Amino acid sequence: MICEKCKQRDATVHFKEIKNGIKSEKHLCDECAKSEQSIKVDFNIPFSVKDIFSSIMDVDMDNVFTKQSEEICPNCKSTYNRFKNVGRLGCHVCYEAFREQLFPLIKRIQGATQHTGKVPKRAGASIRIKNEIRELKEKLNEAVTKEDFESAARIRDEIKRLEKDI
């Protein structure tokens, strides 16, 4: 996207403003954004997004800082520290090589470690039912573990009802 003001450089600052219910957007390069009076942003911030991203990588799920040992990917010879600095893995094998470090990071950022994806409304009825059954089975196991047999019976009946729909 090109800067709306100078129409020469790439727009790197994207400013959205809502005033009295009316939304306006500006897409400017750094230089034009600095000279824009309506945008009051300090462009001399002493840290970058990369610094923020790498700082959360060293915090486990309980917000305790941990020091990771240096792991090396057997395929591309990339290291976890390289991933922290660059923000990209070297190859597909890195996901397995750095699994212990990546698992809490992915869970913290994405909220889950299992990809569920989106399902089309028309064609995905059976897929949605199967996903619901899978979730109910997990709840059933939890209810049985907690010895909450009344809830377990209700969940079991719901699973049976959904299985008939498939």
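The values are calculated or read from the model by the stated rules, or taken from the named source; none is laboratory data. Keep in mind the model is a prediction, meaning the values are calculated, not measured. For neighbour counting, all protein chains shown are included, and Cβ atoms are generated from backbone atoms with ideal geometry for every residue, glycine included. Calculation scope for accessible area: heavy atoms of the full protein, side chains included, ligands and nucleic acids excluded. Shrake-Rupley method; radii C 1.70, N 1.55, O 1.52, S 1.80 Å.
Might you let me know whether region 150-159 holds any residue that is modelled with pLDDT of 70 or more, assigned to a loop (DSSP other than H, G, I, E, B), over 30 Å from Lys34 (Cβ atoms) and of a type in the set (D, E, K, R)? Please lay out each step first, then the result.
Here is the first cut: in region 150-159, the ones modelled with pLDDT of 70 or more are 150-159.
In the following step, the residues that additionally are assigned to a loop (DSSP other than H, G, I, E, B) were identified as none.
The answer is no, given that none of the residues of region 150-159 is modelled with pLDDT of 70 or more, assigned to a loop (DSSP other than H, G, I, E, B), over 30 Å from Lys34 (Cβ atoms) and of a type in the set (D, E, K, R).
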What residue, of Ala112, Ala97, is in contact (Cβ under 8 Å) with a residue 24 or more places away in the chain, among the hydrophobic types (A, V, I, L, M, F, W, C) and within 30 Å of Ser78 (Cβ to Cβ)?
Ala97
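For the subset of region 95-112 comprising residues that are closer than 30 Å to Glu135 by Cβ, crowded, with 17+ Cβ neighbours inside 10 Å and hydrophobic (A, V, I, L, M, F, W, C), which member is modelled with the lowest pLDDT? Don't jump to the end; show me each part of the working.
Taking region 95-112 first, the residues closer than 30 Å to Glu135 by Cβ are 95-96, 98-112.
Cutting the leftovers down to crowded, with 17+ Cβ neighbours inside 10 Å gives us 98, 101-102, 104-105.
Narrowing the set further to residues that are hydrophobic (A, V, I, L, M, F, W, C) leaves 98, 102, 105.
Working: Phe98: 87, Leu102: 85, Leu105: 82.
Out of the qualifying residues, it is Leu105.
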Flag if Thr12 is within 25 Å of Ile109 (Cβ to Cβ), at pLDDT below 55 and polar (S, T, N, Q)
no
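Could you identify the single residue in Phe43, Phe65, Phe53 that is at pLDDT below 80, under 30 Å from Gln101 (Cβ atoms) and in contact with an Asp or Glu (Cβ under 9 Å, 6 or more places away or on another chain)?
Details: Phe43 fails: under 30 Å from Gln101 (Cβ atoms); Phe53 fails: in contact with an Asp or Glu (Cβ under 9 Å, 6 or more places away or on another chain).
Being at pLDDT below 80, under 30 Å from Gln101 (Cβ atoms) and in contact with an Asp or Glu (Cβ under 9 Å, 6 or more places away or on another chain) holds for just one of Phe43, Phe65, Phe53, which is Phe65.
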Options Ile129, Ile109; residue that is in contact with an Asp or Glu (Cβ under 7 Å, 6 or more places away or on another chain) and part of a helix (DSSP H, G or I):
Ile129
Is there any pair with a first residue in region 140-166 that is among the polar types (S, T, N, Q) and a second that is assigned to a helix (DSSP H, G or I) and modelled with pLDDT of 90 or more whose Cβ atoms are under 6 Å apart and which are 6 or more apart or on different chains, and what are they?
Ser151/Ala143
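How many residues are of a type in the set (A, V, I, L, M) and touching a residue at least 24 places away in the same chain (Cβ under 8 Å) if we restrict to region 69-94?
In the first step, residues of region 69-94 are kept if they are of a type in the set (A, V, I, L, M); the result is 72, 86, 89, 93.
Okay, now just the ones that are also touching a residue at least 24 places away in the same chain (Cβ under 8 Å), so 72.
Qualifying residue count, region 69-94: 1.
Inspect all residues belonging to region 71-79 and state whether any of them is among the hydrophobic types (A, V, I, L, M, F, W, C), assigned to a helix (DSSP H, G or I) and modelled with pLDDT of 80 or more.
Just the residues of region 71-79 that are among the hydrophobic types (A, V, I, L, M, F, W, C), to begin with: 72-73, 76.
In the following step, the residues that additionally are assigned to a helix (DSSP H, G or I) were identified as none.
The answer is no; no qualifying residue exists.
Take Ile127 and tell me if it is open to solvent by less than 100 Å² (accessible area, probe 1.4 Å), farther than 28 Å from Glu163 by Cβ and under 24 Å from the mean Cα position of the chain (by Cα).
Details: open to solvent by less than 100 Å² (accessible area, probe 1.4 Å): yes; farther than 28 Å from Glu163 by Cβ: no; under 24 Å from the mean Cα position of the chain (by Cα): yes.
In short, no.
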